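A.B. asks: Can you read through this structure? Questions will come right after.
Please treat every number below as a calculation from the coordinates, not as lab data. Fair warning: this is a prediction, and the values are worked out from it, not measured in the lab. No Cβ is skipped: glycine too gets one built from the backbone with ideal geometry, and neighbour counts run over all protein chains shown.
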Amino acid sequence: MIVGKTHGILDLLRLRSSLISGLLDISSIADAAEAAALCSVADAIISEDDEQKQAAVTGLLFGGDFSGVSCKPKVLNLCIVSD
């Protein structure tokens, strides 16, 4: 379970990179709020702030909210493999 979710977090970071660079358009599967949530969580994971990083990773691995945003919108569910 943890290995699958960890793999999903890496996929999330790749997805963020593709969105930021304009290589990928997810508007057909996610609204603007979900795309923003995805980027917010991914930004926290790669930030220098260890507390934010811990909160984001914990939210993704075990469920919950990060900065008032659920860590389980549709887009994140595409990335996070659950057992």
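A.B. asks: So how do 45-57, 19-31 stack up, highest first, on mean other-Cβ count within 10 Å?
C.D. replies: On the way: 45-57: 14.2, 19-31: 11.3.
Taking the mean over residues of other Cβ atoms within 10 Å, the ranking is 45-57, 19-31.
A.B. asks: With θ taken as phi - 60° and the coefficients 6.51, -1.76 and 1.60, list the Karplus ³J(HN,Hα) couplings across the stretch 9-24 in order, rounded to whole Hz; mark glycine and proline as x.
C.D. replies: Result, rounded to whole Hz: 5, 5, 4, 4, 5, 5, 4, 4, 4, 5, 5, 4, 7, x, 6, 9.
A.B. asks: Give the long-range amide H neighbours of residue 66: residues separated by 5 or more places, or on another chain, with amide H under 5 Å away, using H modelled in the peptide plane at 1.01 Å from N.
C.D. replies: Amide H to amide H, under 5 Å and 5 or more residues apart or across chains, residue 66 pairs with 71.
A.B. asks: Using θ = phi - 60° and the Karplus form 6.51 cos²θ - 1.76 cosθ + 1.60, what ³J(HN,Hα) does each residue of the stretch 28-42 get, whole Hz, x for Gly and Pro?
C.D. replies: Each residue's phi maps through the Karplus curve to give 7, 10, 8, 8, 4, 5, 5, 5, 5, 5, 4, 5, 5, 5, 5 Hz.
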